[in-house]
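Q: Mind having a look at this structure? Questions to follow.
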Amino acid sequence: GGSAGGRSGDADPNDVAEQVLQRMRQKMRSSWLTVFESRGASIQPEPILGDLAAQTVLVGTVSSAPLSGEHGAGESQELRRECASGFTIPQATVGSTWLDWKGQRPRSVLVVAKPLSEQVLSVLNQLVSWLDSLQIKAVVEPHVIPRLADYEHLLLTFSQGEVLSGKFDLLICLGDDSTPARAASLFQYSAIPPTVVFDDCQSRQAPIFGFTSVPMEEYMQHLFPVLLPDRHPDHRLELSLRQRLQVTLQREVPIPGEHTSFHVLNEVFVHRGASGSLCKLEVLVEGEMVTLAQGDGVLIATPTGSTARSLSSGGSMIHPNVPSILITPVCPHSLSFRPIVLPQSVEVLVRVPASTRCQPTVGIDAEHGGTVQLNPGDALQITGSRYPMPLIR
């Protein structure tokens, strides 16, 4: 009886949902979502055109006419300015599009491999040798160099904290579904190059919404059209633009030198950490209070992350082409707080109230992006990122 009485102050879920929907409709009148609602099925995928090796890459706009020529035909001035920083995709570009190398070949490839896997290391050795035969430079993480001693003279690497924006034509991931999240964490403040993912789990069935079902051993036949476009002029490289979230840390008392902005591919998890007490968190959408969450924590996930930790916590599976933000409570001490799916255009705020009895911990992409400790009064502002992961299908 005591627990039920403690929940009596929860807002009615139907009323909360209606209020949130009304605020969303007002905002969407001036947002990019109205463009998609008005055009509907008439939207056509647009090509991504451009030079390679850290040169300008132009992005298709939402229109019926494709871009053409060296700088594109009909792109807006805003798009032209965005392209100056490298491979960028406007927030209005979601779902699928396609990539055109303009007959050139990629010259620099970043390879991110699953650590401590002998199977991955064997394939990585073969891949590096093959890339060298194609006169393509392979760049790997620093910790991989000692394990590839026979090919050390063929490899390049980078230092920790180095800005990688605009330095690679292609990103290749070798491993499982966690490898792309670790690769994306290397591009915290910039766009991600076009990405190819190969799986080391041949025995499992193909995932419905996972990254890939292509085994690593078949990398050569799948990379030929990507790395040698001049030999496959009729092969279209379709991209699935995997949404990311931008998370901004708002401290009650700022800490000098602390990173306060993160880009997340899967999810951000605010939880009670090592504390045995319930975690209290205020959840706000568009500045309006939705609920006071009490439990083990709250997950804010992308459609890609909806099949990871959020799914094991009772969240819905969302197709990657649906631009959305998923809020999933973890072991909630409430009858009214259930998983919520919101449009990507909204702003979500998770705030630690003064009455909390534990110090919440923030895990970013299953700790691939790091962890952060929160204090009373601190908050996380979560919005859609302007830098999705362009995944080559």
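The values are calculated or read from the model by the stated rules, or taken from the named source; none is laboratory data. Since we're looking at a predicted model, the values are computed, not measured. Neighbour counts run over all protein chains shown; Cβ positions are idealised from the backbone, glycine included. The area values use the complete protein model at the heavy-atom level, side chains included, leaving out ligands, DNA and RNA. Shrake-Rupley method; radii C 1.70, N 1.55, O 1.52, S 1.80 Å.
Q: Look through V341, V352, V362 and report the one residue that is out of contact with any Lys or Arg (no Cβ under 9 Å at 6 or more places or on another chain), at pLDDT 90 or above and within 18 Å of L249 (Cβ to Cβ).
A: On the way: V341 fails: within 18 Å of L249 (Cβ to Cβ); V352 fails: out of contact with any Lys or Arg (no Cβ under 9 Å at 6 or more places or on another chain).
Checking each option against the conditions leaves just V362.
Q: Here is a further query. Scan segment 320-333 and give yes if some residue there is more than 24 Å from the chain's Cα centre (by Cα), aliphatic (A, V, I, L, M), modelled with pLDDT of 90 or more and farther than 30 Å from D100 by Cα, otherwise no.
A: Scanning segment 320-333, I find no residue that is more than 24 Å from the chain's Cα centre (by Cα), aliphatic (A, V, I, L, M), modelled with pLDDT of 90 or more and farther than 30 Å from D100 by Cα, so the answer is no.
Q: Out of curiosity, is S336 in contact (Cβ under 8 Å) with a residue 40 or more places away in the chain and either assigned to a strand (DSSP E or B) or open to solvent by 10 Å² or more (accessible area, probe 1.4 Å) (or both)?
A: Yes: the conditions hold for S336.
Q: Now for a separate question. Do we have T383 as among the polar types (S, T, N, Q) and either more than 19 Å from S185 (Cβ to Cβ) or crowded, with 23+ Cβ neighbours inside 10 Å (or both) here?
A: The answer is no for T383.
Q: I'd like to verify a number: residues in segment 253-296 that are of a type in the set (D, E, K, R) and not in a strand (DSSP E or B), how many?
A: 4
Q: Let me spell it out: the conditions are (1) surrounded by 14 or more Cβ atoms within 10 Å (Cβ to Cβ); (2) without any contact (Cβ under 8 Å) to a residue 24 or more places away in the chain; (3) not small (G, A, S), and F168 meets all of them except one. Which number is the exception?
A: Here F168 clears every test but (2).
Q: Specify the residue that is nearest to V298 (Cα to Cα); the eligible residues are those in segment 339-378 that are among the hydroxyl-bearing types (S, T, Y) and buried (at least 16 other Cβ atoms within 10 Å of the Cβ).
A: For segment 339-378, the residue satisfying everything is T361.
Q: Could I ask something else about it? Taking the options D176, D132, name whichever one is charged (D, E, K, R), modelled with pLDDT under 85 and open to solvent by 20 Å² or more (accessible area, probe 1.4 Å).
A: Selected residue: D176, the only one of D176, D132 that is charged (D, E, K, R), modelled with pLDDT under 85 and open to solvent by 20 Å² or more (accessible area, probe 1.4 Å).
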